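Single-structure report; data block below.
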Amino acid sequence: MRHKYGLLAALYVSQYLGFSFFGIALIAILRERGASLDEIALVESVALIWVFKPLWAPLIDRVGSYRKWLLVLQPALAAVLLLATPLDPIDDLGLLMVIVGVVALLSATQDIATDALAVRILATDQRGFGNGVQTAGGYLGGVLGGGLTLVVYDRFGWVAAVVTLAVATVLPMIQILRFPEPPAGPAVHRATLRAVFRRPGMLRWMLLVLPPLIVGLNGGYALISPILVDMDWSLTSVGVTTNALGGAAGIAAGLAAGALISRTSRRSMLVWTQCLQVPALALLTIAWLTSSTPVVLVAAIAVQMAMAGTMTIVFTITMDLCETDSAGTDFTVVTSFVLLIGIVGGIVATAAAEPLGYATALSGGALIALLGVGVAARGYQDIGAARASESAVLR
């Protein structure tokens, strides 16, 4: 069992290294060098490539094995990252955005294969902790890609930061080579986008429950780095606070949430993790208004913990709703929708903060999170968990 979790952790860490560097560290770098919030919002929009990954997810399900896809994608990610070494973040921003786009495309494809492998190898009672590992791995990738490499950049420069990313990205190859992927069973459900929305409970989950759970929290999360830079924090301090301290808290919260999911109902966990969002966003608002260093530290950690808990239960429920023979497509459609509404929340909050101020944008996010508490309590039914248990009995 441990080798499953270890492999998934390594894969999720590696896929977020380059993505978090360009999505977190680069934003702080650009802000420090005078980029406007509108320009930063444009950079953030490159992540929308992940939203379109359902278009090629059926190909990952139908062609080859997930392990073979990963053996190609890991070194490809490292190679593309190295192409950014001779560029200057400001002077070559246009060309850099092309590389960022390719990294987003490759990491999105790696995510499809990794998620599908997770659905296939994790039993129903392992999914809570497995998704806790997924969340923790993503946060560790954020700590390394968005935090540690920001410190490396601040101390040693752009080339050293990018080379560090590339080396760390290729490390999981050892585990992939040693892992024997279980053979796929006979295909019962064809991997198509249309079939995903016919899964029991899927549309209700996506259209009713998910939006208020995701939008406000991601809006607040996107504002943390710009807020700290505007408070005259150094890039090293931003990296340590948002990624090292906050990321460590997120890792702990993700693993804790994953462990608790197996001991309580999905619905209870969904409500409690949503309840954590409201005070976290309110605390971040207070931190900006008071410019208090202790409050800023606590607020950044609180937002990360709320994010980790929310994503762990969201991914667990989504996994319950997937079919194992079309896992790449099923899981990707939902997670891409989660990403879409999260990106929209981040872009809207960042753009709104320019004319309205950080406090107004964060207060709006807290109100949306409060709405999400009611939706989680009354709008979600444990359809997915019951369905997963029934499928396990049938198998």
Could you tell me whether any residue of the stretch 65-75 is of a type in the set (Lys, Arg) and in contact (Cβ under 8 Å) with a residue 60 or more places away in the chain? yes
Can you pull out the helices (runs of 4 or more DSSP H) entirely within the stretch 308-395 that have at least 3 residues that are surrounded by 22 or more Cβ atoms within 10 Å (Cβ to Cβ), over 19 Å from the mean Cα position of the chain (by Cα) and modelled with pLDDT under 85? none
With respect to Ser14, determine if the residue is polar (S, T, N, Q), open to solvent by 10 Å² or more (accessible area, probe 1.4 Å) and on the phi < 0 side of the Ramachandran plot. no
I'd like the full set of residues that are in contact with a Lys or Arg (Cβ under 9 Å, 6 or more places away or on another chain) and charged (D, E, K, R), limited to the stretch 154-183. Glu181
Please enumerate the residues belonging to the stretch 52-79 that are surrounded by 20 or more Cβ atoms within 10 Å (Cβ to Cβ) and among the aliphatic types (A, V, I, L, M). Ala57, Ile60, Leu70, Leu73, Leu77, Ala78
With the checklist (1) closer than 13 Å to Asn218 by Cα; (2) within 18 Å of the chain's Cα centre (by Cα); (3) surrounded by fewer than 24 Cβ atoms within 10 Å (Cβ to Cβ) in hand, flag the one item Val303 doesn't pass. (3)
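Kindly indicate whether any position in the stretch 130-142 is over 16 Å from Leu11 (Cβ atoms), out of contact with any Asp or Glu (no Cβ under 6 Å at 6 or more places or on another chain) and either open to solvent by less than 30 Å² (accessible area, probe 1.4 Å) or not in a helix (DSSP H, G or I) (or both). Before you say what the answer is, go through the steps one by one.
Here is the first cut: in the stretch 130-142, the residues over 16 Å from Leu11 (Cβ atoms) are none.
Checking the stretch 130-142: not a single residue is over 16 Å from Leu11 (Cβ atoms), out of contact with any Asp or Glu (no Cβ under 6 Å at 6 or more places or on another chain) and either open to solvent by less than 30 Å² (accessible area, probe 1.4 Å) or not in a helix (DSSP H, G or I) (or both).
Given the criterion at pLDDT below 85 and part of a helix (DSSP H, G or I), identify the matching residue among Ile49, Ile60, Ile99. Working first, answer last.
Details: Ile60 fails: at pLDDT below 85; Ile99 fails: at pLDDT below 85.
Within the list Ile49, Ile60, Ile99, the selection yields Ile49.
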Of the conditions (1) of a type in the set (A, V, I, L, M); (2) more than 13 Å from Gln134 (Cα to Cα); (3) within 19 Å of the chain's Cα centre (by Cα), Val296 clears all except one; give me its number. (3)
Starting from residues that are modelled with pLDDT of 85 or more and outside any loop (DSSP other than H, G, I, E, B), keep the ones in the stretch 82-96 and report whichever is surrounded by the fewest Cβ atoms within 10 Å (Cβ to Cβ). Leu95
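The values are calculated or read from the model by the stated rules, or taken from the named source; none is laboratory data. Everything quoted here is computed from the prediction, not taken from an experiment. Cβ sites come from the backbone with ideal geometry, for glycine too, and all protein chains shown count toward neighbours. We work out accessible area using only protein heavy atoms, side chains counted, and drop any ligands, DNA or RNA first. Shrake-Rupley method; radii C 1.70, N 1.55, O 1.52, S 1.80 Å.
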